[in-house]
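Have a look at the structure below before the remarks.
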Amino acid sequence: MPNKNPHPGKTKAQRAALDAIGCGDNMPPMAKSTRDALLKSGMIVQCGQRTFGTGWSAVSVPTYEMSISTHMAWCAADHGDDIVEASDV
């Protein structure tokens, strides 16, 4: 089976974050620069936040998901189908 890269032009760290998010991890560990680049490109969107702790020690952490067009392309490449371009959605 050919090795299709579902995220051409992305760094190894960006691909790792996208793969984690695509598999359901909405809080993958990633550098701020990785997160900012993926948000700016529209490949991920902030979908909410989780709060840990209570009172003055509470910490809110943003959660992310793939945009629909990115997720469709990721799934298509993962299953060996043709990659769906964002303009086709």
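Pop out the ³J(HN,Hα) list for segment 14-24 in order, Karplus 6.51 cos²θ - 1.76 cosθ + 1.60 with θ = phi - 60°, rounded to Hz; leave Gly and Pro as x.
Values, residue by residue: 5, 5, 4, 5, 5, 5, 5, 5, x, 8, x Hz.
Find the percent of Cα-Cα distances in segment 12-88 that exceed 22 Å, and round it to a whole number.
Across segment 12-88, Cα pairs with separations above 22 Å total 29 percent.
What is the magnitude of the charge dipole of segment 12-88 about its Cα centre, with +1 placed on the Cβ of each Lys and Arg, -1 on the Cβ of each Asp and Glu, and no other charges, expressed in debye to the nearest 20? Intermediate results must be reported in sequence, preceding the final value.
Values: 6 positive and 9 negative charges, 115 e Å.
The dipole magnitude comes to about 560 debye.
Read-outs: derived from the displayed coordinates by stated rules, not from any lab. Remember, it's a predicted structure, so these values are computed and weren't measured experimentally. All Cβ positions, even for glycine, are placed from backbone atoms using ideal geometry, and neighbour counts span all protein chains on display.
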